[in-house]
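Here's the structure we're looking at; comments come further down.
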Amino acid sequence: MNILLIGSGGRESSFAWKLSQSPLLDKLYISPGNPGTEHYGTNVNLDINDITELSGFIRDEIIKMIIIGPEAPLVNGIYDKLKKIFPKLMIIGPSARGAMLEGSKFFAKKFMEEFGIPTANYAVFKKDEFNKAVEYINSMNIPIVLKADGLAAGKGVLIIPDKQDAIQELKNIFEGKFGIAGDTVVIEEFLDGIEYSVFVITDGKKFKMLPIAKDYKRVGEKNTGLNTGGMGAVSPVSFIDDDLMIKTIVKIIQPTISGIWQKDIDYKGFLFFGLINVNGDPYVIEYNCRMGDPEAEVVFPRLKNDLVELLKAIYDDNLSEYTIEHEPNAAVTVMLVSGGYPEKYEKGKYITGLDKVKDSLVFYAGIKKENGRLVTDGGRVLAITSLAETKEKALEKCLKNAEVINFEGKYYRKDIGFDI
Ligand code: AMP
Ligand code: GLY
């Protein structure tokens, strides 16, 4: 079958790598893709907001499956629009209603409350309820967690140690710091623990769990400095024992999927649980309606199953017939980023040494081609993924290859997988 993959980051590069191994795949198109996805398929430049253009392409190229990498098109209803035009198209990604689990923090909190899924205590306030919100902040323990309700490109969560500062930030959010995403704000209790990421493939009724991962969001070693889109990831996650695993499934994953079914939400695709382990008990920090980045860069290399077959099973209604098989080796991915990221950084730096990489996968993220040469084109430039019997050995391979790839301002963390 022909597949169209939407997106252009490291996540989509790892998707393209994995999909390209499937015997079920005829042609893979990636829109817009990057010079890395071109190794596995054909990049095309479609305006995904233009449904006429998109559906023309789907028809002309006989696309049977479309996979939506990032959240924004899902929240904007791409599933619902395409479903109307192509009732038989396999669309991987939830309906707009399902995507609200990521697109509205308030919706997600209400959902968790309704189905008894453990999460931080919270209250919700609209722009015109500033005084009530201040009262609530004053009644809380510190630090205070403020969350813009809507999508804010991963920047909409603030953790503030001081109440007066939190009140000031709340004001900034209500005044438009995150645009209309901040017209409603969730204020919640801070949970102290270690985070991990769980991914499932679901048809809205049944689910299959993919390998568990942990990402490293802070820019600095030992988890210091500013939050980024992710500096690396590891899979499996060493602190997850059988007890935590069972609690994760029973208290979180099963009730979530059952809630989706009970509320009659059309959900066919990936569901990403951002979880935190608080003294041996799992809590939901957030839901995402897609795969994680950079988690995908370790999850897919550890997934032995044919990904196309699993995704097709969603639509063939036989997901339960499959058993997920994990590569026993550990996977580590290290992101090479532009100097200065996540604040100001320069683009357009020549990238060299890619041909010298040995024994690792390189997933391109912020890279473009300029006059036939590869140059940096974003904060997160590329992900180096390695597999080995231990995460120590996997990290060692990543770091060796991180040395041989060069661009001006290159920076990366050397402690991925080793903060705890
Ligand atoms: P998000 O943008 O929703 O991924 O949140 C960003 C990060 O904020 C999360 O990965 C957590 O590290 C942190 N976070 C969000 N909510 C809480 C909470 N209630 N307690 C502790 N940390 C939180
Ligand atoms: N790695 C976190 C995310 O994809 O949102």
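Read the figures in this text as sums done on the coordinates, not as results from a lab. Small disclaimer: the values here were computed from a predicted structure and weren't measured. Using ideal geometry, Cβ is built from the backbone for each residue, glycine included, and neighbour counts are taken over all protein chains shown.
D192: free of Cβ contacts under 8 Å to residues at least 40 places away in the same chain and either part of a helix (DSSP H, G or I) or within 13 Å of ligand 1 (Cβ to nearest atom) (or both), yes or no? So that I can check it myself, show each step before the final result.
Working: free of Cβ contacts under 8 Å to residues at least 40 places away in the same chain: no; either part of a helix (DSSP H, G or I) or within 13 Å of ligand 1 (Cβ to nearest atom) (or both): yes.
Taking the combined requirement at face value, the residue does not satisfy it.
List the residue pairs whose Cβ atoms are under 6 Å apart, where the first residue sits in the range 284-302 and is small (G, A, S), the second is more than 12 Å from ligand 1 (Cβ to nearest atom), and the two are 6 or more positions apart or on different chains.
Going by the 6 Å Cβ cut-off, the qualifying pairs are A296/R11; A296/S14.
Output yes when any residue across the range 167-183 is closer than 30 Å to E297 by Cα, in contact with an Asp or Glu (Cβ under 8 Å, 6 or more places away or on another chain), buried (at least 18 other Cβ atoms within 10 Å of the Cβ) and touching a residue at least 12 places away in the same chain (Cβ under 8 Å), and no when none is. Spell out how you get there, then give the answer.
Filtering the range 167-183 down to residues closer than 30 Å to E297 by Cα leaves 178, 181.
With in contact with an Asp or Glu (Cβ under 8 Å, 6 or more places away or on another chain) added as a condition, the list becomes 181.
Narrowing further to those that are buried (at least 18 other Cβ atoms within 10 Å of the Cβ): 181.
Now drop any that are not touching a residue at least 12 places away in the same chain (Cβ under 8 Å), which leaves 181.
Among the residues of the range 167-183, at least one is closer than 30 Å to E297 by Cα, in contact with an Asp or Glu (Cβ under 8 Å, 6 or more places away or on another chain), buried (at least 18 other Cβ atoms within 10 Å of the Cβ) and touching a residue at least 12 places away in the same chain (Cβ under 8 Å), which makes the answer yes.
Could you tell me which residue of the range 260-287 is nearest to E114 (Cα to Cα), considering only residues that are among the β-branched types (V, I, T), within 16 Å of ligand 1 (Cβ to nearest atom) and touching a Ser or Thr at 6+ places or on another chain (Cβ under 9 Å)? Let's see the steps before the verdict.
Looking only at the range 260-287, we keep the residues that are among the β-branched types (V, I, T), and these are 260, 265, 276, 278, 284-285.
Now drop any that are not within 16 Å of ligand 1 (Cβ to nearest atom), which leaves 276, 278, 284-285.
Filter once more, so that each one left must be touching a Ser or Thr at 6+ places or on another chain (Cβ under 9 Å): 284-285.
Numbers: V284: 14, I285: 16 Å.
Taking the candidates together, the pick is V284.
What are the residue pairs meeting all of these: first residue in the range 141-158, first residue under 19 Å from P73 (Cβ atoms), second residue of a type in the set (V, I, T) and surrounded by fewer than 18 Cβ atoms within 10 Å (Cβ to Cβ), Cβ atoms under 6 Å, and 6 or more apart or on different chains?
No pair meets every condition.
Consider A365 carefully, then state whether it is among the hydrophobic types (A, V, I, L, M, F, W, C), surrounded by 15 or more Cβ atoms within 10 Å (Cβ to Cβ) and out of contact with any Asp or Glu (no Cβ under 7 Å at 6 or more places or on another chain). Give the derivation first.
On the way: among the hydrophobic types (A, V, I, L, M, F, W, C): yes; surrounded by 15 or more Cβ atoms within 10 Å (Cβ to Cβ): yes; out of contact with any Asp or Glu (no Cβ under 7 Å at 6 or more places or on another chain): yes.
Yes, satisfied.
Quick check on my filter: what residues within the range 288-308 are within 13 Å of ligand 1 (Cβ to nearest atom) and within 16 Å of K217 (Cα to Cα)?
Once the filter is applied, which keeps residues that are within 13 Å of ligand 1 (Cβ to nearest atom) and within 16 Å of K217 (Cα to Cα), the range 288-308 yields N288, G292, D293, E295.
Taking into account only those residues within the range 39-58 that are touching a helix residue (DSSP H, G or I) at 6+ places or on another chain (Cβ under 9 Å) and assigned to a helix (DSSP H, G or I), which is nearest to G372 (Cα to Cα)?
It comes out as H39.
Quick test for you: out of V299, V284, pick the one residue that is of a type in the set (V, I, T) and assigned to a helix (DSSP H, G or I). Lay out the reasoning, then the answer.
Numbers: V284 fails: assigned to a helix (DSSP H, G or I).
Exactly one of V299, V284 is of a type in the set (V, I, T) and assigned to a helix (DSSP H, G or I), namely V299.
Every residue, every condition in (1) charged (D, E, K, R); (2) touching a residue at least 60 places away in the same chain (Cβ under 8 Å); (3) out of contact with any Pro (no Cβ under 7 Å at 6 or more places or on another chain), yes or no:
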| residue | (1), (2), (3) |
| --- | --- |
| Y345 | no, yes, yes |
| D359 | yes, no, yes |
| V362 | no, yes, yes |
| R380 | yes, yes, yes |
| A383 | no, yes, no |
| L399 | no, yes, yes |
| Y411 | no, yes, yes |
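Could you list all residues from the range 199-233 that are touching a Leu at 6+ places or on another chain (Cβ under 8 Å), under 14 Å from I416 (Cβ atoms) and β-branched (V, I, T)?
Matches in the range 199-233: V219 only.
Is there a residue in the range 234-249 that is assigned to a strand (DSSP E or B) and under 27 Å from F190 (Cβ atoms)?
yes
So, Y411, is that one of a type in the set (S, T, Y), within 25 Å of the chain's Cα centre (by Cα), closer than 21 Å to R11 by Cβ and surrounded by fewer than 20 Cβ atoms within 10 Å (Cβ to Cβ) or not?
Details: of a type in the set (S, T, Y): yes; within 25 Å of the chain's Cα centre (by Cα): yes; closer than 21 Å to R11 by Cβ: yes; surrounded by fewer than 20 Cβ atoms within 10 Å (Cβ to Cβ): yes.
In short, yes.
How many residues are part of a loop (DSSP other than H, G, I, E, B) and either more than 15 Å from ligand 1 (Cβ to nearest atom) or crowded, with 22+ Cβ neighbours inside 10 Å (or both) when one looks only at the range 95-106?
Step one: list which residues in the range 95-106 are part of a loop (DSSP other than H, G, I, E, B), which gives 95, 104.
Now narrow it down to the ones that are either more than 15 Å from ligand 1 (Cβ to nearest atom) or crowded, with 22+ Cβ neighbours inside 10 Å (or both): 95.
Selection size over the range 95-106: 1.
Just checking, which of V375, V332 is free of Cβ contacts under 8 Å to residues at least 40 places away in the same chain, of a type outside the set (D, E, K, R), touching a Gly at 6+ places or on another chain (Cβ under 6 Å) and surrounded by 18 or more Cβ atoms within 10 Å (Cβ to Cβ)? Working first, answer last.
Working: V332 fails: free of Cβ contacts under 8 Å to residues at least 40 places away in the same chain.
Exactly one residue qualifies, and that residue is V375.
Kindly provide the set of residues from the range 133-186 that are more than 10 Å from ligand 1 (Cβ to nearest atom), among the aliphatic types (A, V, I, L, M) and not in a loop (DSSP other than H, G, I, E, B), ordered by number.
Matches in the range 133-186: A133, V134, I137, I160, A166, I167, L170, I173, I180, A181, V185.
Evaluate the range 214-224: report whether one residue or more is within 16 Å of ligand 1 (Cβ to nearest atom), acidic (D, E) and on the phi < 0 side of the Ramachandran plot.
Of all residues in the range 214-224, those within 16 Å of ligand 1 (Cβ to nearest atom) come to 214-220, 222-224.
Pick out the ones that are also acidic (D, E) and you get 215.
Cutting the leftovers down to on the phi < 0 side of the Ramachandran plot gives us 215.
Yes, there is a match, as at least one residue in the range 214-224 is within 16 Å of ligand 1 (Cβ to nearest atom), acidic (D, E) and on the phi < 0 side of the Ramachandran plot.
Looking only at the range 107-126, which residues are part of a helix (DSSP H, G or I) and out of contact with any helix residue (DSSP H, G or I) (no Cβ under 9 Å at 6 or more places or on another chain)? Give the steps one after another, and end with the answer.
In the first step, residues of the range 107-126 are kept if they are part of a helix (DSSP H, G or I); the result is 107-114.
Within the range 107-126, K109, K110, E113 meet the criteria.
Checking G116 against (1) surrounded by fewer than 17 Cβ atoms within 10 Å (Cβ to Cβ); (2) near ligand 1 (Cβ under 9 Å from one of its atoms), only one condition comes out false. Which one?
Tallying (1) surrounded by fewer than 17 Cβ atoms within 10 Å (Cβ to Cβ); (2) near ligand 1 (Cβ under 9 Å from one of its atoms), G116 fails exactly one: (2).
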